[in-house]
Structure formats: structure tokens, C-alpha cells
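Working notes, structure below.
The values are calculated or read from the model by the stated rules, or taken from the named source; none is laboratory data. Treat the numbers as computed from the prediction; the structure is a model and nothing was measured. Counting neighbours? That spans all protein chains shown, and the Cβs are built from the backbone with ideal geometry, glycine included. These area figures cover heavy atoms from the full protein model, side chains too; ligands, DNA and RNA do not enter into them. Shrake-Rupley method; radii C 1.70, N 1.55, O 1.52, S 1.80 Å.
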Amino acid sequence: MRIAEILRNKGNSIVTIDAHTTVNGLLCDLARHNIGAMVVIDDGAVVGIISERDVVRRLHERGPDLLDTPVSEVMTALMYTCVPADAVDSIAAIMTERRIRHLPVIEDGGLLGIVSIGDVVKSRIDELKSERDQLESYIDQG
């Protein structure tokens, strides 16, 4: 299975945040959309990613004043990304090894979506169910 198939199954809705938005604004958007991370955009370009985990760690370091800080100061700028043609298994390995829960999907410099570790696990479970069903059908016919 490829990343493109995950994006097809989950839809192409992408929620992003402007680099100048405050952390407080970010938290409101994360809650409103019931998501754990957002891709950060500045002048139409992807410049980073920010997650709940990033906020919690910085909040511990800097205190409540962090809420008025722009997300550009808190985000992860050096991020891993993937492309639609990437194999889900290889992306799962990267996410596990690097302890990454969200990967932006980029193609030709454009943002196509974001894949979470939950998306990857769901796709693997769906594959296993399909294989099981095929084996059961084969056994029943034999």
C-alpha cells in the first residue's frame, strides 16, 4: 500500500495554520478540528509542523506566556515529509524509529495532506483483514 491510498481513503481535507498565529490560536484550532498537529504555512509555503506535544514541552519550559507566542517560534522547522508514492510500511518504520506521529505529504513543493500514525495503523489493520478474508475464502472453497 502507498501513502496515496491513505490520502484517498481519508479525504483531502487539510488544516493548516499561519506561522504568525499565536499558540493560543493554535490550541483553539486543534480543539475545533479534533486533531493533534498542524502544518505551518508562511506566505503559502510549508515552513514547519506543530503538535500538541510541541506546545506541552515548550509550556513546561517557558510558562503561560507561551500562549501569546507565534507558532513559528515553537514549531518544528526541520521536519520529515513523505510523498504519495512512498510505501506505507517504510513510512511506518520511519515514524516508529523517529517517534513521529504526523508526516506532511508533499509533492512538487505542494502540500497534499498529512498522515498520522493512526492512519498508518488503520491501513495496516485493513490490509490484515483483507488478507484474512481472502484466506478464509480460499479455505472455504478448498
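What are the ³J(HN,Hα) values, in whole Hz, obtained from phi via the Karplus relation 6.51 cos²θ - 1.76 cosθ + 1.60 with θ = phi - 60°, for each residue of region 22-36 in sequence order, with x given for Gly and Pro?
Once rounded to whole Hz, the list reads 6, 4, 4, x, 4, 4, 4, 5, 4, 5, 4, 8, 6, 10, x.
Rank HIS20, HIS33, HIS102 by mean-square fluctuation in a GNM of the chain with C-alpha springs under 10 angstrom and give only the top-ranked residue.
HIS33
Take every DSSP beta bridge with both residues inside region 11-142 and express the antiparallel ones as a percent of the total, to the nearest 5.
80 percent
What figure, in Å² to the nearest 10, do you get for the accessible area of TYR80 with a 1.4 Å probe and non-protein molecules left out?
Its heavy atoms expose roughly 100 Å² to the probe.
Obtain the nm distance between the two label points defined at ALA92 and GLN141 by a simple spin-label model: each point lies 7 Å from its Cα along the Cα-to-C-beta direction.
2.6 nm
Quick check: net charge around PRO84, other residues with Cβ under 10 Å of its Cβ, Lys/Arg +1 and Asp/Glu -1?
Working: positive: ARG2, ARG8; negative: GLU5, ASP86, GLU107.
Net of charged neighbours comes to -1.
Apply the Karplus curve 6.51 cos²θ - 1.76 cosθ + 1.60, θ = phi - 60°, to the phi angles in region 67-76 and return the couplings in whole Hz, x for Gly and Pro.
4, 9, 7, x, 4, 4, 8, 10, 5, 8
Calculate, for the chain, the solvent-accessible area per residue in square angstrom, rolling a 1.4 angstrom probe over the heavy atoms of the protein chains. Don't skip to the answer; put the middle values down first.
On the way: 8810 Å² over 142 residues.
With the other protein chains kept in place, the chain gives 62 Å² per residue.
Taking 30 Å as R0, compute the FRET efficiency from the Cβ-Cβ separation of LYS10 and ASP65 and round it to 0.05. Mind showing how you got there, number by number?
Values: r = 36 Å, r/R0 = 1.20.
Working from the Cβ atoms, E equals 0.25.
Determine the relative contact order of the chain: mean sequence separation of Cα pairs under 8 Å and six or more apart, normalised by residue count, in whole percent. Show your work: numbers first, answer last.
On the way: 176 pairs, mean separation 36.4, N = 142.
So the answer I get is 26 percent.
Of the DSSP beta bridges with both residues in region 1-77, give the percent that are antiparallel, rounding to the nearest 5.
Numbers: 8 of 11 bridges.
Taking every DSSP beta bridge with both residues in region 1-77, the antiparallel ones total about 75 percent.
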